[in-house]
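Below: the structure, in structure tokens.
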Amino acid sequence: GGALLGDRLRLMTDPEDGGVFVRSMAARDRLGGLAELTVAGMLLMRAVYDVVLIETVGVGQSETDVAWVADTVIFCVQPGSGDSLQFMKAGIMEIPDLAVVTKADMEAAQRSQADLRAALTHQRRASGWKVPILPVAAQRGDGIAPLVAAIDRHAAWLADAGRLEKRRHTNARIWFAEALRTRFGREGVKRAEIIGCRLNLDRGDSPYERLADLSAAIAD
């Protein structure tokens, strides 16, 4: 109901606009915050569209899979929800590239920004990227332009010195290992190791093709 009653009605797009495509996926009982086929959907959309947005079911101690799927992770906090303390406990602040405080026109937004700032001061990132905190009030349109500019800055930073390719390679390896565990369990992973599941991304290996080949080999 959330996707249908929320996103589908809130997104003001022309159904005839070929430049916009919205696809809802149910996470069902899967942990991690994403549906099972989110990665496949992302790859298909990335081949067609310039920008792909992935909305998770929310974040908690286990809903962090988006960190190894997206190029830029945006963490949104709603003021007055009490979420910020929980997120600090769960270690979520290690994940985002941008932190956004929504409904910034509320009084509680200042406290949320302060909480986020305090949480981020304890994070030491080897990458060198400094996570900005961005207040946004969507109803009035406040903060939208700075948010878009911050996303563009992070994209440019990733493109510099091969960071984007390195991040996608890391994400692909994590996805490959997770897909093996999810699909085949411990015994399947052991068998995959016996068969030899080497993934050489620098040589041009596709983790998705390798998984398909490995699935066929394990099934034999």
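The values are calculated or read from the model by the stated rules, or taken from the named source; none is laboratory data. No experiment lies behind these values; they were computed from the predicted model shown. All Cβ positions, even for glycine, are placed from backbone atoms using ideal geometry, and neighbour counts span all protein chains on display.
Key figures for this structure:
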read-out: Verdict on L116 being of a type in the set (A, V, I, L, M), at pLDDT below 90, buried (at least 17 other Cβ atoms within 10 Å of the Cβ) and not assigned by TED's automatic domain parsing to the domain that holds L43; value: yes
read-out: In the stretch 121-159, the residues that are more than 22 Å from M106 (Cα to Cα), free of Cβ contacts under 8 Å to residues at least 24 places away in the same chain, more than 17 Å from the chain's Cα centre (by Cα) and part of a helix (DSSP H, G or I); value: T121, A149, R153, A156, A159
read-out: Residues of the stretch 26-48 that turn out to be under 24 Å from V100 (Cα atoms), part of a loop (DSSP other than H, G, I, E, B) and modelled with pLDDT of 75 or more, as a count; value: 1
read-out: Neighbours by Cβ (under 8 Å, 6+ apart or cross-chain): first from the stretch 9-21, assigned by TED's automatic domain parsing to the domain that holds M42; second modelled with pLDDT under 75; value: V20/T13; V20/D14
